[in-house]
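**Q** Take this structure first; my questions come after.
The values are calculated or read from the model by the stated rules, or taken from the named source; none is laboratory data. Model, not experiment: these values are computed from the prediction. For neighbour counting, all protein chains shown are included, and Cβ atoms are generated from backbone atoms with ideal geometry for every residue, glycine included. Heavy atoms of the whole protein, side chains included, go into the accessibility calculation; ligands, DNA and RNA do not. Shrake-Rupley method; radii C 1.70, N 1.55, O 1.52, S 1.80 Å.
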Amino acid sequence: MARRRRVWWVVGGAVTLLVLGLVLGPLVYAAFQEDAAAAPTVQAQPSDVELAADTDGTWTVGPGSSAGYRVDEVLNGANVTVAGTTDQVTGSVVVEGGDLATAEVTVDVAGIRTDVGQRDGYFRDGVMEVGTWPTATFAVQGPVDLPELTGTPVTVPVTGELTLRDTTRPVRTELAVVRTAEGVEVSGAVPVVFADFGITPPDLGFVRVEDRGQVEFLLRLAQ
């Protein structure tokens with residue numbers, strides 16, 4: 001009889017720990033979550049830096065570039081800003097006669113990471129379905145008037161097309177552009193309403209993602 005009671009105590013304890021884990025785990029996770037760091041943006045260049053000479057030509061997205069997403073989620077009542085990024089970014093920008101003629105940037109969605117592996121797995125497979133739609137694209141068809149590019153960032157409004165999950169929508173945004181010693185740097189953020197792209201934001205009970213967010217990028221361009 002005593003042995004049987006011990007068995008039941010062990011089973012009961014295990015069940016209790018499991019329940020506590022399921023209930024308290026998300027709460028503990030939420031307690032240690034912090035808002036994601038601000039997105040990287042172009043920076044003014046020191047006055048003594050020798051800048052790239054000419055901006056006309058074809059520019060290629062190079063090392064040091066990044067892209068990703070930023071969303072707000074509610075985790076057991078705690079508001080958290082989440083950002084995922086990847087350096088798997090390719091593309092090119094063409095400048096003709098001082099104007100932006102064309103630009104196209106492609107992002108490997110499967111490479112986007114946050115600080116939580118489970119979230120990333122659900123984002124890749126449950127939300128973006130990267131097995132079917134592995135990339136996202138942002139494209140601009142000019143001409144777009146560019147101010148003179150110097151070592152001080154300038155703002156350039158553009159209209160382009162954003163493609164997510166094989167759905168393309170027109171978008172408007174403002175780019176920050178600066179000339180550097182190596183070439184040109186561009187940063188920006190494109191606001192996204194998920195329903196416009198057939199994306200259902202996760203709502204898993206203890207975590208709920210808002211219905212909109214933004215696509216962010218920092219491009220280091222070289223000829």
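**Q** With the Cα gyration tensor of the stretch 154-213 giving a ≥ b ≥ c as the square roots of its eigenvalues, does the rule (a/c under 1.5 for rounded; else a/b larger than b/c for prolate; else oblate) give rounded, prolate or oblate?
**A** Values: a/c = 3.12, a/b = 2.08, b/c = 1.50.
Here the stretch 154-213 falls in the prolate category.
**Q** Follow-up question, since we're still on this one. Keeping the other protein chains in place, figure out the carbon and sulfur percent of the accessible area of the stretch 66-223, with a 1.4 Å probe. It would help to have the intermediate numbers written out before the result.
**A** Details: 3630 of 7520 Å².
Ligands and nucleic acids excluded, carbon and sulfur give 48 percent.
**Q** Taking 8 Å as the Cα distance limit and 6 or more residues as the minimum spacing, I'd like the relative contact order of the stretch 35-222 as a percentage. Could you put the intermediate results ahead of the total?
**A** Working: 464 pairs, mean separation 51.8, N = 188.
Once divided by the residue count of the stretch 35-222, the mean separation gives 28 percent.
**Q** Between R208 and D87, what's the calculated FRET efficiency when r is the beta-carbon distance and R0 is 35 Å? Round to 0.05.
**A** Details: r = 29 Å, r/R0 = 0.84.
Calculated value: 0.75.
**Q** Hey, another quick one. Listed highest first by mean packing, meaning other Cβ atoms within 10 Å per residue, what order do 165-173, 74-82, 135-143 come in? Kindly include the intermediate steps, with their values, before the conclusion.
**A** Numbers: 165-173: 13.7, 74-82: 15.2, 135-143: 17.8.
Top of the packing list down: 135-143, 74-82, 165-173.
**Q** Tally Lys and Arg at +1 and Asp and Glu at -1 over the other residues with C-beta under 13 Å from the C-beta of V94: what net charge comes out? The partial results should precede the final answer.
**A** On the way: positive: none; negative: D56, E96, D99, E104.
That sum, taken over residues with Cβ under 13 Å, equals -4.
**Q** What net charge do the residues around V61 carry, taking every other residue with its C-beta under 14 Å from that of V61, with Lys and Arg at +1 and Asp and Glu at -1?
**A** Overall, the nearby charge balance is -4.
**Q** Please turn the phi angles of the stretch 179-196 into ³J(HN,Hα) values with the Karplus equation 6.51 cos²θ - 1.76 cosθ + 1.60 (θ = phi - 60°), one per residue in order, whole Hz, x for glycine and proline.
**A** Whole-Hz 3J(HN,Hα) from phi for the stretch 179-196: 8, 10, 5, 8, x, 9, 10, 9, 9, x, 9, 10, x, 10, 9, 4, 4, 5.
**Q** Just in the stretch 72-178: which GluC sites (Glu not before Pro) are loop by DSSP and have at most 13 other Cβ atoms within 10 Å? Working shown, then result.
**A** Working: sites: E73, E96, E104, E129, E148, E161, E174; in loops: E129, E148.
Answer by residue number: E148.
**Q** Treat each spin label as a single point 7 Å out from the Cα along the C-beta direction, and report the V80 to R113 distance in nm.
**A** The modelled label-to-label distance comes out at 1.8 nm.
**Q** Skip the ligands, DNA and RNA, and give the accessible area per residue of the stretch 28-97 with a 1.4 Å probe, whole Å².
**A** Details: 3880 Å² over 70 residues.
About 55 Å² of surface per residue is accessible.
**Q** Could you work out the relative contact order of the stretch 50-100? I mean the mean sequence separation of Cα pairs under 8 Å and 6+ apart, divided by the number of residues, in percent. Before the final figure, lay out each step's value.
**A** On the way: 67 pairs, mean separation 23.2, N = 51.
Over the stretch 50-100, the number comes to 46 percent.
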